[in-house]
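Notes follow the structure.
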Amino acid sequence: MRIGMAKKKVVIVGGGYVGYEVAKELDAHADVTLIEQCEAFVQPPATIRALLDPALLDQIVLPYDRLLKTGQVVRGRAVSVSQSEVTLEDGNVYPADFIVLATGSSYAAPFKPAGDSIDDFRKASADVSAQLAAAKSVAIVGAGAVGTELAGEIAAAQPGKDITLISSDDTLFPMYPARLGTQLKRKLERAGVSVVLGQRVEDLQRMDVPYAGSVKLTDGRVVTADLVFPVVGSKPNTALIQTLPGVNAVPSGRIKTDKWLRPSDFPIVFIAGDIADVGDGMTIVAISRQNPWLIRTLKQVLNGQAIEDQKPYAPWKMAPILVPLGPKIGNSWLFATVGDWITRKMKGKELFIPKYRKAFGLSR
Ligand SMILES: Cc1cc2nc3c(=O)[nH]c(=O)nc-3n(C[C@H](O)[C@H](O)[C@H](O)COP(=O)(O)OP(=O)(O)OC[C@H]3O[C@@H](n4cnc5c(N)ncnc54)[C@H](O)[C@@H]3O)c2cc1C
């Protein structure tokens, strides 16, 4: 940018893993506005352990006020997007040269804030934490990373509970080399977790919140538990983006993009993260690849280069994954299956909490 030239305006909607980092990294290069409906950033990977260690919540709810040096974080809900501006529910309009939509996804309570209130999120977490402490038996429906980690965290912190982890797949983590799933299963069983594979739950009563009750499996078995956790995946938040012309959703609800992460007929609008169907999973690991590309590419277009001259985004072929089972054990796939020590060092012990506190200008 030449001296005296006004900085270009970048408006980012959604201050999750995509939004906070893109805003922070472009802060010195553009006039950045980050629009976020929620009072604070919350780190979902640590919301699992917070059910066993409620004091952790104070470490993982991160206010936005120290995130940007020159740009602004605006609290509000974006309701419409045009070629040149973003409009909020309160009527305020933010002009933009470039727009990034990163509205992410929703998840069953108490693993992500359901709306804009941190008090409500804290209450949901505290309620389930108390129910979990009192429960003698727990059934976890869904054995993706969240379900598997939840089983491991409960077994590690509250041993002696009757924990059942249920998956409709025949193995844990079927997308990965078999060793990852078999090792995790063995460690869970050693910790006292019953791992039920190849069984679909026919009658999940609630998708939004844990409840006391029973679930019926495909083979007719009934599992009764003081607390049934529905952990069957993330739901992309695409209401805003669906209003753009030319948008194309896939059956999962995520939105297709061109080679440069643009989803619509508006060439200045980009998307990334959980809403974007670009060949990656709905994970922070995916975002750790998308964000550097997006930041680099936006810097080039802010400098006046054509987007079509930039290298297209290429997704992970097979993304790494870290699966702690509590703070001490676990397995990961980091282009080979690795065990407790690396999983503990990289994720299990601290859950990346210091990294995000630092990014938000907070002490450890
Ligand atoms: C319990 C749990 C544990 C997880 N653990 C891991 C893990 O260990 N590793 C991993 O790789 N992935 C993990 N994930 C997945 C990870 O959390 C998501 O992939 C990630 O949060 C997606 O980031 P995002 O920026 O796309 O969206 P989000 O993090 O969902 O952020 C979107 C933001 O947009 C805001 N927003 C939405 N609509 C609007 C609007 N209209 N106006 C203003 N603001 C809006 C929301 O309030 C939200 O803050 C986990 C998920 C869960 C639920």
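The values are calculated or read from the model by the stated rules, or taken from the named source; none is laboratory data. Since this is a predicted model, take the numbers as computed values, not measurements. Glycine gets a Cβ as well: all are built from the backbone with ideal geometry, and neighbour counts include every protein chain shown. For accessibility, only protein heavy atoms count, side chains too; no ligands or nucleic acids. Shrake-Rupley method; radii C 1.70, N 1.55, O 1.52, S 1.80 Å.
Here is how the numbers come out for the structure above:
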quantity	calculated
Cβ charges +1 (Lys, Arg) and -1 (Asp, Glu), total dipole of region 1-90, debye	380
Relative contact order, percent, the chain [alpha-carbon distance under 8 Å, six or more residues apart]	17
For Gly198, net neighbour charge (Lys/Arg +1, Asp/Glu -1) across residues whose Cβ lies under 14 Å away	-1
Lys355/Asp162 FRET efficiency (R0 45 Å; Cβ-Cβ; nearest 0.05)	0.80
Protection proxy ranking, peptides 215-224, 196-205, average beta carbon neighbours within 10 Å, highest first	196-205, 215-224
Region 248-364, relative contact order in percent, only Cα pairs under 8 angstrom and at least six apart counted	15
D (Stokes-Einstein, µm²/s), Kirkwood Cα radius, region 1-111, 1.002 mPa s at 20 °C	142
Per residue, in Å², the accessible surface of region 212-364 once ligands and nucleic acids are set aside, probe 1.4 Å	48
13 Å beta-carbon shell around Arg186, net charge (K/R +1, D/E -1)	+2
Region 125-222: relative contact order as a whole-number percent, Cα under 8 Å and 6+ apart	24
Portion, in percent, of the accessible area of region 1-112 that falls on carbon or sulfur, probe 1.4 Å	48
Å² of accessible area per residue within region 53-182, as computed with a 1.4 Å probe and no ligands counted	45
Between 0 and 90°, nearest 10: helix 284-302 axis offset from the chain longest Cα axis	0
Rounded tilt (10° steps) of 145-157 against the dominant C-alpha axis of the chain	50
Rounded percent of accessible protein surface that carbon and sulfur make up, region 200-339, 1.4 Å probe	54
Charge dipole (region 217-320, unit charges on Cβ, about Cα centre) - positive-most of Ile241, Val228, Ala314	Ala314
Amide H contacts of Val100 (H built 1.01 Å from N, under 5 Å, at least 5 apart or other chain)	Val11, Ile12, Val13, Phe270
